[in-house]
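Data block below; observations after.
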C-alpha cells in the first residue's frame, strides 16, 4: 500500500490555485512550529453575494501541506463564505482519500488558513463574527485534530 493516495500525489505535484494574490480581500497565514509548515491563503470575495470568487495559496512545507492547501482552495472556490467556514480538516482529508496519521496536522493548517483569511476579510470590512473564527494555538494535542 502506498503511503500517499493518488489524489495527495496529484495535488502535491500539480497544485491548484497556487500563487500570490495582490488584490486579495482577505489573507490568512498560519503555521505549525513543530513541523515548520507555513500556509498563506488569499481570498477574493464578491461583497454582494459573500461568495469566494477566487482563492490562491502559498505554502512552505512538505508534500502533505501543499496537497491540503491545494485541496482546501478547490473546496472553497466559488462557495459562499458561510459554506467555506464549514470546511473541516476531516473534509480536506476525505477529499484527498486520506493522509497518514502523522500528517493530519497539515489538514488542520489548511482549515485554519481558510478561517484566518475569512477573519481578515471580516476585520477589514467591519463584519462581526463569532467563535467559529477563533483559531487554535497550533498545539494539536490541546485543540484536537478535528475542529
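The values are calculated or read from the model by the stated rules, or taken from the named source; none is laboratory data. Since we're looking at a predicted model, the values are computed, not measured. Positions of Cβ are backbone-derived with ideal geometry, glycine not excepted, and every protein chain shown enters the neighbour counts.
Looking only at segment 74-84, how many residues end up being touching a residue at least 24 places away in the same chain (Cβ under 8 Å), in a helix (DSSP H, G or I) and farther than 15 Å from residue 28 by Cα? Looking only at that region, the number is 2.
Here's the yes/no breakdown for (1) buried (at least 18 other Cβ atoms within 10 Å of the Cβ); (2) in a strand (DSSP E or B); (3) over 11 Å from the mean Cα position of the chain (by Cα):
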| position | (1), (2), (3) |
| --- | --- |
| 2 | no, no, yes |
| 11 | yes, no, yes |
| 56 | yes, yes, no |
| 72 | yes, no, no |
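Mind checking which residues of segment 91-107 are surrounded by 15 or more Cβ atoms within 10 Å (Cβ to Cβ) and either in contact (Cβ under 8 Å) with a residue 60 or more places away in the chain or more than 14 Å from the chain's Cα centre (by Cα) (or both)?
95, 96, 99, 103, 105, 106 - these are the residues of segment 91-107 that are surrounded by 15 or more Cβ atoms within 10 Å (Cβ to Cβ) and either in contact (Cβ under 8 Å) with a residue 60 or more places away in the chain or more than 14 Å from the chain's Cα centre (by Cα) (or both).
Checking the stated criteria, residue 124 turns out not to satisfy the condition of being touching a helix residue (DSSP H, G or I) at 6+ places or on another chain (Cβ under 9 Å) and either part of a helix (DSSP H, G or I) or free of Cβ contacts under 8 Å to residues at least 12 places away in the same chain (or both). If you go through segment 13-29 and keep only what is more than 15 Å from residue 84 (Cβ to Cβ) and in a strand (DSSP E or B), you end up with 18, 29. On the given criteria, is residue 88 in contact (Cβ under 8 Å) with a residue 40 or more places away in the chain and surrounded by 21 or more Cβ atoms within 10 Å (Cβ to Cβ)? Considered against the rule, which asks whether it is in contact (Cβ under 8 Å) with a residue 40 or more places away in the chain and surrounded by 21 or more Cβ atoms within 10 Å (Cβ to Cβ), residue 88 comes out as no. Scanning segment 85-120 for residues being assigned to a helix (DSSP H, G or I) and closer than 17 Å to residue 39 by Cα gives a total of 21. Considering only segment 25-53, state which residues are over 15 Å from the mean Cα position of the chain (by Cα), buried (at least 17 other Cβ atoms within 10 Å of the Cβ) and free of Cβ contacts under 8 Å to residues at least 40 places away in the same chain. Hit for segment 25-53 is 51, nothing else. So is residue 115 crowded, with 16+ Cβ neighbours inside 10 Å and modelled with pLDDT of 95 or more or not? The answer is yes for residue 115. Every condition in (1) closer than 16 Å to residue 108 by Cα; (2) touching a helix residue (DSSP H, G or I) at 6+ places or on another chain (Cβ under 6 Å); (3) assigned to a loop (DSSP other than H, G, I, E, B) is met by residue 34 except one, and the failing one is (2).
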